[in-house]
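Novice: Mind looking over this structure? Questions follow.
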Amino acid sequence: MGKLPSIVTESNIKLLFDIQKKIDGLRANYSGSMISLTDICMKPLGQDCATQSVLQYFKMDPDNFDNYGGVDHVKYCFQASAFIVTYPVDNAIDKEGNETKRAVAWEKAFIQLVKDELLPMAQSKNLTLSFSSESSIEEELKRESTADAITILISYLVMFAYISLTLGDTPRLSSFYISSKVLLGLSGVVLVMLSVLGSVGFFSAIGVKSTLIIMEVIPFLVLAVGVDNMCILVHAVKRQPLELPLEGRISNALVEVGPSITLASLSEVLAFAVGSFIPMPACRVFSMFAALAVLLDFLLQVTAFVALIVFDFLRAEDKRIDCFPCLKISSSYPDSDKGIGRRKPGLLAHYMKEVHAPILSLWGVKIVVISVFVAFALASIALSTRIEPGLEQKIVLPRDSYLQGYFNNVSEHLRIGPPLYFVVKNYNYSSESRQTNQLCSISQCDSESLLNEIARVSLVPETSYIAKPAASWLDDFLVWISPEAFGCCRKYTNGSYCPPDDQPPCCPAGQSSCGLGGPCKDCTTCFHHSDLLNDRPSTAQFKEKLPWFLNALPSADCAKGGHGAYTSSVELRGYESGIIQASSFRTYHTPLNKQVDYVNSMRAAREFSSRVSDSLKIDIFPYSVFYMFFEQYLNIWRTALINLAIAIGAVFVVCLVITWSFWSSAIILLVLTMIVVDLMGVMAILKIQLNAVSVVNLIMSVGIAVEFCVHITHAFSVSSGDKDQRVKEALGTMGASVFSGITLTKLVGVIVLCFSRTEVFVVYYFQMYLALVLLGFLHGLVFLPVVLSVLGPPSRCVLVEKQGDRPSVSSQ
């Protein structure tokens, strides 16, 4: 709570007692039964909750406040700027899940109590209160996904609306209802959705589960590819001479643009298909779904959509109204037959051919363009080394989430990191083995034992990320059985375990002091020095006394009892054979505030374990609760680079096989690589981290970048004339389709995402997609034409014969 020089005042501690009273009295309804904190909390000693609070100094009882010296004594012990209170809850692994559900029900009631009552109490004292529970992140993510579903839906609807408009002719009031292609655009979008559903359905049928990333990214990807193909096909049909029959125009259009559509789609399919072999599950599943979705979309585009184009042009020629083809208008309407199927190029195509291309043909412009793009690519390579792995929790949550303040305060005030366990497998405790001395850290233990090594690296927490020496059940057990610890390991005359003198039955419960008489007066220590070999128990002694130690309660007479501290530290199943299958030694990481700290701490712990394992020839591995989430980040750079190299390489191979032009394929490879490198540079500038979401976006960027490159390159290679004329022709025919089909469609959809309530959508979808669209546009329609005009491959066009003023071409 709060940012104050010192929070330790009498009123604040009494407020803490009031808050504690409210929480103790909280009841949650679960299936008709009322659940309290004591029903679900962790009770290591079997009676009281192990609440971690400054109030434990007063035994959680306000009546003890004055008796124990009040606030003056607390101030003498410590000064603090915040109180951190933790209520550990038992983690139950039960098949029915009732224990966990009871805990979740109480946690929900706890969150509501804090919002309704505890927050106002803290605010009345000018304090801030931040809070969280184990189920909080999951609940907040559920709230977020429903909130942003509307934003995503609006984004897609805006794109649908734009697609429907862009396929039509230049609007004319007199014939707009005929020349528009809203129905054709919506039909094309339906085909895109069918291809996505087909992919999801197929993989669901064979048992591959989809993820949230897939449902958000793949429709966006397939829409980008599909819309581009739709625009290219429709615009190609419009460019054909009107005197040709409709079948001839469709045939010529497919001859003209079919190869580049096939090339782009197959490149994307292979790039994603190869990516499905990588180990990161999110990327692998995405690649599988994307490959099939793009393939199905391509097949539907060149079959069903071509048929839909035919129907739509027949509708327009028959003067039937768009969206209502049953309605036919009479031919008496003015201009009704002039604006339909008109071959006059649109405004965008005119700009591309008559303004954009001539500017790029100037040598001064070419030098500036190449210099700027190469410089930015080199800068991006340098910048990309600054991209950090991870995914900030605060970014994933809604901006108005109560967890935002909690994470900020934990980062600022918490001075201890997550617990770290070093787990030893197959520890041989028999007297013939040296492993006991290789693990422990008390007298006669090896100087390079595991626990001594942990203590040693904890002296350099900056590099080891280990805050303190480990708590060792083995050290405490060896001390507990030693003859010097007179009050610890004791036995009755019949050989059974005898507890310390200040515990029942030696001392009745509630009695502050006990005499030497009573039921335990004949208890003796377990061992004399002569019973032990070099102060170490024999195999039989170890086997017999270990359960005693783990069940022994700590008390004033013997603080070394293992119950509570080490109850779950030793796996006793099968230990009678002389081998303890698994046991753990607990320490703590240093405070971890950044994602890169979590990754580096995990890497350091693994390297330390590996080194000690090799040295001692004992199987040791580290574990902390966050490792399962950060495992992916240890090799995420390697995964990302291999994935991108495979995807771009696959595109190069497909281009080479289909075009038989190494030159064209190399230029496409160059531009693709530059787009991806520049996107990573933008990620570094915007401080976007490398994680499953951004890696999927980078792989997707290869697929979308192909669309910006392949069509222009193919149009250039089948045009005639010198290189500048061929660039002008390519931009005139394909530039407008690529610009309106991808750039503007994606732009209108992406801009909607910036209104998302969640930072993750703003960062990973709005910012990355916007950067991708702008980079793709600049490389595809500025840099690529300049490169083609300077280094482009020779023309593959053969002039067959002049027919009027239009040459007929064929590609070799």
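Novice: Within the stretch 508-541, how many residues are of a type in the set (Gly, Ala, Ser), at pLDDT below 85 and exposed (fewer than 12 other Cβ atoms within 10 Å of the Cβ)?
Specialist: 6
Novice: Hey, another quick one. All but one of (1) under 18 Å from residue 538 (Cα atoms); (2) surrounded by fewer than 18 Cβ atoms within 10 Å (Cβ to Cβ) hold for residue 435, so report the exception by its number.
Specialist: (2)
Novice: Return a yes/no flag: does the stretch 452-463 have any residue that is closer than 21 Å to residue 613 by Cα, at pLDDT 95 or above, assigned to a loop (DSSP other than H, G, I, E, B) and not small (Gly, Ala, Ser).
Specialist: Yes; the residues of the stretch 452-463 include at least one that is closer than 21 Å to residue 613 by Cα, at pLDDT 95 or above, assigned to a loop (DSSP other than H, G, I, E, B) and not small (Gly, Ala, Ser).
Novice: If you check residue 502 against the conditions, is it in contact (Cβ under 8 Å) with a residue 40 or more places away in the chain, farther than 26 Å from residue 572 by Cα, acidic (Asp, Glu) and outside any helix (DSSP H, G or I)?
Specialist: yes
Novice: Among the candidates 82, 109, 103, single out the residue that is surrounded by 15 or more Cβ atoms within 10 Å (Cβ to Cβ) and under 29 Å from residue 563 (Cα atoms).
Specialist: Going through 82, 109, 103 in turn, the sole match is 103.
Novice: I've got another one for you. Does the stretch 744-765 contain at least one residue that is closer than 30 Å to residue 717 by Cβ and among the hydrophobic types (A, V, I, L, M, F, W, C)?
Specialist: yes
Novice: Would you point out the residue of the stretch 183-218, among those that are within 19 Å of the chain's Cα centre (by Cα) and part of a helix (DSSP H, G or I), that is nearest to residue 297 (Cα to Cα)?
Specialist: Among them, the one singled out is 218.
Novice: Here's another thing I want to ask about it. Conditions first: (1) under 24 Å from residue 410 (Cβ atoms); (2) without any contact (Cβ under 8 Å) to a residue 12 or more places away in the chain; (3) not in a loop (DSSP other than H, G, I, E, B). Residue 91 passes all but one, so which condition is the exception?
Specialist: Checking residue 91 against (1) under 24 Å from residue 410 (Cβ atoms); (2) without any contact (Cβ under 8 Å) to a residue 12 or more places away in the chain; (3) not in a loop (DSSP other than H, G, I, E, B), the one that fails is (3).
Novice: Filter the stretch 542-551 for residues that are buried (at least 20 other Cβ atoms within 10 Å of the Cβ) and under 46 Å from the mean Cα position of the chain (by Cα) and give the result.
Specialist: 546, 548, 549, 550
Novice: Show the residue pairs meeting these rules: Cβ distance below 8 Å; 6+ apart or different chains; first residue within the stretch 67-78 and in a helix (DSSP H, G or I); second residue surrounded by 14 or more Cβ atoms within 10 Å (Cβ to Cβ) and β-branched (Val, Ile, Thr).
Specialist: 71/8; 71/9; 71/13; 74/8; 74/13; 74/54; 75/8
Novice: Further, regarding this structure: Enumerate the helices (runs of 4 or more DSSP H) found wholly within the stretch 227-321, keeping only those where 3 or more residues are surrounded by fewer than 18 Cβ atoms within 10 Å (Cβ to Cβ), in contact (Cβ under 8 Å) with a residue 40 or more places away in the chain and hydroxyl-bearing (Ser, Thr, Tyr).
Specialist: Qualifying helices (runs of 4 or more DSSP H): none found.
Novice: Another one. Quick one: would you say residue 554 is under 51 Å from the mean Cα position of the chain (by Cα), closer than 24 Å to residue 48 by Cα and in a helix (DSSP H, G or I)?
Specialist: When the stated conditions are applied, residue 554 does not pass them.
Novice: Looking only at the stretch 420-438, count how many residues are modelled with pLDDT of 95 or more and either of a type in the set (D, E, K, R) or in a strand (DSSP E or B) (or both).
Specialist: Here the count works out to 9.
Novice: Hey, can you tell me all the residues within the stretch 559-584 that are at pLDDT 95 or above, surrounded by fewer than 19 Cβ atoms within 10 Å (Cβ to Cβ) and among the aliphatic types (A, V, I, L, M)?
Specialist: 579, 582
Novice: Oh, and also: For the stretch 389-412, which residues satisfy the criterion of being in a helix (DSSP H, G or I), of a type in the set (S, T, N, Q) and at pLDDT 85 or above?
Specialist: 404, 408, 409
Novice: Still on this structure, I have one more. I need the full set of residues from the stretch 631-646 which are under 18 Å from residue 691 (Cα atoms) and among the aliphatic types (A, V, I, L, M), in order please.
Specialist: If the condition is that a residue be under 18 Å from residue 691 (Cα atoms) and among the aliphatic types (A, V, I, L, M), then 634, 636, 640, 641, 642, 644, 645 are the ones that fit.
Novice: Tell me yes or no: at least one residue of the stretch 652-666 is in a loop (DSSP other than H, G, I, E, B), without any contact (Cβ under 8 Å) to a residue 60 or more places away in the chain and among the aromatic types (Phe, Trp, Tyr).
Specialist: yes
Novice: Residues being touching a residue at least 60 places away in the same chain (Cβ under 8 Å) and within 29 Å of residue 358 (Cβ to Cβ): count how many of those fall in the stretch 744-772.
Specialist: 6
Novice: Kindly establish whether residue 505 is surrounded by 13 or more Cβ atoms within 10 Å (Cβ to Cβ), under 57 Å from the mean Cα position of the chain (by Cα) and not basic (Lys, Arg).
Specialist: Judged against the criteria, residue 505 is not a match.
Novice: For the stretch 585-631, what are the residues that are at pLDDT 95 or above, among the β-branched types (Val, Ile, Thr) and in a helix (DSSP H, G or I)?
Specialist: Passing the criteria: only 612.
Novice: Of all the residues that make up the stretch 490-549, how many are touching an Asp or Glu at 6+ places or on another chain (Cβ under 9 Å), of a type in the set (Phe, Trp, Tyr) and under 24 Å from residue 565 (Cα atoms)?
Specialist: Adding up the residues that qualify gives 1.
Novice: I'd like to know if the stretch 625-639 contains one or more residues that are of a type in the set (A, V, I, L, M, F, W, C), under 25 Å from residue 219 (Cα atoms) and surrounded by fewer than 22 Cβ atoms within 10 Å (Cβ to Cβ).
Specialist: Scanning the stretch 625-639 turns up no residue that is of a type in the set (A, V, I, L, M, F, W, C), under 25 Å from residue 219 (Cα atoms) and surrounded by fewer than 22 Cβ atoms within 10 Å (Cβ to Cβ).
Novice: List every residue pair whose Cβ atoms sit under 9 Å apart, with the two residues 6 or more apart in sequence or on different chains, where the first one lies in the stretch 109-127 and is over 17 Å from residue 140 (Cβ atoms) and assigned by TED's automatic domain parsing to the domain that holds residue 22 and the second, anywhere, is buried (at least 18 other Cβ atoms within 10 Å of the Cβ) and among the aromatic types (Phe, Trp, Tyr).
Specialist: Pairs found: 118/131.
Novice: Additional query: Here are some conditions: (1) in a helix (DSSP H, G or I); (2) modelled with pLDDT of 90 or more. Residue 57 meets all but one. Which one does it not meet?
Specialist: (2)
The values are calculated or read from the model by the stated rules, or taken from the named source; none is laboratory data. These figures come from a predicted structure and were not determined experimentally. Cβ sites come from the backbone with ideal geometry, for glycine too, and all protein chains shown count toward neighbours.
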